[in-house]
Amino acid sequence: MKSAEVFALCLIVTIISFLGFVVENVWLSMTKGYIDNRNMTLPFLLGYGIAIVLIYLLFGTPEHLKIFGFETTITSTFAQTVIYYGIVIICVSVGEIVLGTFVEKTCGIIWWDYTRLPMHITRYTTIPTSMAFSLGITVFMRRFFTPLMTRFLQMESDNLKFWAITFMTLLCVDFLVNAVRIAATGELRSTWKIDTTHTRGYRLLHL
């Protein structure tokens, strides 16, 4: 992989990390009636970005499916997309279980709990939530990933490098500082919190 592609992927990580922050807060806003900093200082959740790039490296995109990096002989875009969606569901489910269990065992923290939702598998994942997350990922990878990569690769090389290194440094430092703090204290940290119980989405779900 060329260095320019690595830097472009870094910017993809940045975008996805921000979208992950937004998605989690939309979910919290509608289900629990608030949004917060999600235990970070910056509005980015690095795990989302890294997960998407790993999925790309292992399985490609819905229109260019790979299996652990190897090309497939499937020519139908529809079939590739369906298979890709199924693979992503498995990745999301396994990833949530592994991450949630790891944090619980090492830090004594139950980061999230889906046991009140139907069709849950352990407290950390459910079939409906995995399907919803995976649909969003599949749509992003099908419609936006390649155009974004193309756009980033068209940037002047020094600018691409500067912004990639800048954002990744900020995201990694923020993640590491807060991860160490959580591990040391065994507590999550909410530095700001906004009530959203007055919003239409929350009210519709809590009639």
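The values are calculated or read from the model by the stated rules, or taken from the named source; none is laboratory data. Model, not experiment: these values are computed from the prediction. FYI the Cβ positions are ideal-geometry reconstructions off the backbone, even for glycines, and counts take in every protein chain you see. What goes into the accessible areas is simple: the full protein's heavy atoms, side chains included, and nothing from ligands, DNA or RNA. Shrake-Rupley method; radii C 1.70, N 1.55, O 1.52, S 1.80 Å.
Things to note:
- Remark: spin-label model distance D195-I110 equals 2.6 nm, labels positioned 7 Å along the Cα→Cβ axis.
- Taking Cα atoms only, the orientation of helix 46-59 departs from the longest principal axis of the chain by about 40 degrees.
- Contact order relative to length of the chain, as percent, for alpha carbon pairs under 8 angstrom and 6 or more apart: 35
- Dipole moment magnitude, nearest 20 debye, the range 95-207 about Cα centre, only Lys, Arg, Asp, Glu C-beta charged: 320
- Between helix 127-143 and the chain there is an angle of about 30 degrees, using the helix long axis and the longest principal axis of the Cα atoms.
- Charged-residue dipole, Cβ positions (Lys, Arg, Asp, Glu), the range 1-76 about Cα centre, Debye nearest 20: 120
- Which label in (i) 212; (ii) 145; (iii) 160 gives the computed volume of the Cα convex hull per residue in Å³: (ii)
- In the chain, the longest principal axis of the Cα atoms and the axis of helix 3-31 are about 30 degrees apart.
- Amide H to amide H, with H built 1.01 Å from N, T126 comes under 5 Å of I121, counting only residues 5 or more places away or on other chains.
- Protein accessible area in the range 1-127, 1.4 Å probe - carbon and sulfur %: 73
- Computed about its Cα centre, the charge dipole of the range 1-130 is approximately 160 debye, with only Lys, Arg, Asp and Glu carrying charge at their Cβ.
- Residue among L54, G86, I12 farthest towards the positive dipole end of the chain, charges placed on Cβ: G86
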